[in-house]
1. Sort out which residues of segment B:86-103 are polar (S, T, N, Q) and in a strand (DSSP E or B), and write them in order of number.
2. Is one or more of the residues making up segment A:34-50 of a type in the set (Gly, Ala, Ser), out of contact with any Pro (no Cβ under 8 Å at 6 or more places or on another chain), exposed (fewer than 13 other Cβ atoms within 10 Å of the Cβ) and within 10 Å of chain B (Cβ to nearest Cβ)?
3. Which condition breaks for A:HIS7 when tested against (1) within 14 Å of another protein chain (Cβ to nearest Cβ); (2) in contact with a helix residue (DSSP H, G or I) (Cβ under 7 Å, 6 or more places away or on another chain); (3) in contact (Cβ under 8 Å) with a residue 24 or more places away in the chain?
4. Suppose the filter is in contact with a Lys or Arg (Cβ under 8 Å, 6 or more places away or on another chain) and of a type outside the set (Phe, Trp, Tyr); does B:VAL102 pass it?
5. Pick from segment B:389-418 the residues that are more than 10 Å from the chain's Cα centre (by Cα) and part of a helix (DSSP H, G or I): which of them is farthest from B:GLN369 (Cα to Cα)?
6. Just the residues that are part of a loop (DSSP other than H, G, I, E, B) and within 16 Å of the ligand (Cβ to nearest atom), please, taken from segment B:353-388.
7. Considering only residues that are open to solvent by 70 Å² or more (accessible area, probe 1.4 Å) and touching a strand residue (DSSP E or B) at 6+ places or on another chain (Cβ under 6 Å), which ones fall in segment A:139-149?
Amino acid sequence: MTQTQQHTISVLVENKPGVLARVALLFSRRGYNIESLAVSITENPSISRMTVVVNGDEQEVEQITKQLHKLIDVSKVQDYIDVPIIARELALIKVNAEVNNRTAILQLVEIFRGRVIDMSDKTFVIEVTGGNDKIDALEKLLEPYGIRELVRTGRIAMARGVRGM
Amino acid sequence: MRVKGSRALLESLKREGVDTIFGYPGGAVIPIYDMIYQFPDIRHILVRHEQGAGHMAEGYALATGKVGVCLATSGPGATNLVTPLADAMMDSVPIVAITGQVRSNLIGTDAFQEADITGITMPITKHNWLVKDVNQLPEIVAEAFHVARSGRPGPVLIDIPRDVSDAEFEYTPVESVDIPTYKPTTRGHSVQIKRAAELIDQAKKPILYVGGGANHAYAFNEVRELAEKINTPVTTTLKGLGAFPETHPLSLGMLGMHGTAYANYAVSECDLLIAVGARFDDRVTGKVAEWVPNAKIIHIDIDPAEIGKVLLADVPIVGDVKAILTELNKVVKGKQHPEWVSQINKLKQDFPLHYPNDGVLHGQYVIEQIGEVSNHDAICVTDVGQHQMWAAQFFKCERPRQFVTSGGLGTMGFGLPAAIGAQFGAPDKPVFCVTGDGSIQMCIQELMVATIYKLPIKICILNNQFLGMVRQWQELFHENRYSSVDLEASPDFVKLAEAYGAHAIRCFKPSGVRAALEEAMSITDRPTVLDFRISKEENVYPMIPSGGTIHQMVVQRPPDMVPLDSYIASETYMGEDDQATQEEKETVPVPRAK
Ligand SMILES: Cc1ncc(C[n+]2csc(CCOP(=O)(O)OP(=O)(O)O)c2C)c(N)n1
């Protein structure tokens, strides 16, 4: 049996209604949980790129990529498991920021190279990008202050260097 | 030329070579039905239930190799196509389903007879389209046919809102289709083909395992050439029946759960499995881990996703089965395997397909006689259950497209409408529908269609007064607890058939079977329903329990089991004497196995 691993899969699809449903359905029908999914258009407005993060062993993920490839609206599928990639996600975190906590929070944000992009008399909204470990870490450190809302985009990824898809 | 959407649709269908549409009207497709008047080359068959239309399209496609077409209205009409679409998806049957949709401005408002049919059928179609703009209609129809018939064939659906059918636009026919994101591989990789040939030339005990893909690809001659060239036994799946003549000395018949014992033994012993257009279905493999313990595997399939899905192949070859076998036949040297073949011939002698010869009417006998009466030239369409497995075992197919059955989904109700579709597609061939007293009642209303169009289909009900296949499982695995499988209360099929305008025959005894079938063969202007009262508690053997291994195979009825009931009536063969029949019914004992 091969090992279960986290795979980041990039899927190029036609930018058409219903395509997301087709892709998502394929995962659920075969019993795979999507850890994260990010979709948007690409440099070519008629093509969208989906970045899907999924756990599975090699054979399972190979089956998934083959099944994805069969969808008529899918043009390319790449599992980045053996490819050096840059992967990022963006999070917006609304955290309680009482006057006496503000300096400490700002320091945290600084260390994580985030930014405060909104502020009220009781809250900050912090923007941070990075790998999911980094965002998890910041989230943990902010928790004691009271996180009111948190939104994450899910992972987007791209191969390093000239290599592309 | 400015035309309405409905005209463009029918023009497009005509361009695709469509001559028959199976359908049922309703509000959302009235414009299309109105336009059919103006297309005398396209005949529309009015079915009695949309499920029937879908299965007829399947039967037509399976018997002819052409794309089957069905048409239904929005909402309930469309949802009634769900079962045939799922069926066609599982068995890779090329059909185009056209559904009406509510007006575009009403979509998403829960309008009268609205159903999100593209959403519903996404997982059970190869692709589907909602036509939003009439200008796209010609292109979508062309793409739909292209997708349905190319690569691994399959069902597609086109959903057309009513206003799109009515809209006028400038119509230009579509000359060719190019879908950049859809380019099925057809030619096999030459290096892989060479590697396959090497394995074949090294093998001591090779076996050809042939599936439905070989039938879809018309690879009949190529399979045969390979088998003969390397002198290797051939077993087919249920959907592969007919891809190799079962009367050929190298034929092992069907393999798997109800396959022949010799096919299963041979597969379990082989050292090279050459899989051709087959998908290692669980009914074939049983427990995968123990299935072909000593074998290397060559897997030839047009669908890359099938390769490695169940078992890893040593040599995978993606592409059109016929094209690949043609290349392969050129490079294999043709090593012979006399010892292997004689070992297999011994197995064939030791474990033949078998059923009791005790004067009782058995389904297997009826099937054998169907084969003989029709010179093995008929198209045999089946429903689902024991009768289906007996048909697969005893009919003895000789050519492709002769055996039409629901394999992957196992859809009761498939038989009669699929037989009608097959007869429309192949008007010159005798068509037998082998069905059960359970299955026939799932789409029996389509008998009317067969009568109206004077289709001489011979509908053979193997009537055991049970949902036999389920009863068999209950007998073998649930200590005879026959929960909800008793069908003693069925309509009188003879009277029912006559009410539909069909000819009807009832038969109780082996000695009457031949005459009944010959009578049915002589009726050419309407369907014949044959009610064969067969042994009630006969089982299908051999049997490998679901998920089991070859070691668990029960080859034939265990001798310590209670003898089969002597469910016999006095008359050998009855024409129309219903009175007597009724009495017989009452005097028949209801046997129970211990
Ligand atoms: C639509 C549908 N419902 C239920 C089943 C489950 N099933 C499989 S075989 C069978 C019994 C079939 O009975 P019958 O048609 O009388 O055939 P027999 O097995 O007696 O030959 C049933 C209920 C099915 N395959 N399809």
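The values are calculated or read from the model by the stated rules, or taken from the named source; none is laboratory data. Values in this document were obtained by computation on a predicted structure and should not be read as measured data. Here the Cβ is made from the backbone with ideal geometry for all residues, glycine too, and neighbour counts use every protein chain on show. These accessible areas exclude ligands, DNA and RNA; they are computed on the full protein's heavy atoms, side chains included. Shrake-Rupley method; radii C 1.70, N 1.55, O 1.52, S 1.80 Å.
1. B:THR99, B:GLN101
2. no
3. (1)
4. Spelling it out, B:VAL102 is indeed in contact with a Lys or Arg (Cβ under 8 Å, 6 or more places away or on another chain) and of a type outside the set (Phe, Trp, Tyr).
5. My answer is B:PRO417.
6. B:TYR355, B:VAL360, B:LEU361, B:HIS362, B:ASP383, B:VAL384, B:GLY385
7. A:ARG148, A:GLU149
Per-residue answers, yes or no, for (1) within 14 Å of chain A (Cβ to nearest Cβ); (2) in a helix (DSSP H, G or I); (3) away from the ligand (no atom under 16 Å from the Cβ):
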position: B:VAL470; (1), (2), (3): no, yes, no
position: B:LEU476; (1), (2), (3): no, yes, no
position: B:ARG481; (1), (2), (3): no, no, no
position: B:PRO491; (1), (2), (3): no, no, no
position: B:ARG506; (1), (2), (3): no, no, yes
position: B:VAL513; (1), (2), (3): no, yes, yes
position: B:LEU530; (1), (2), (3): no, no, no
position: B:PRO558; (1), (2), (3): no, no, yes
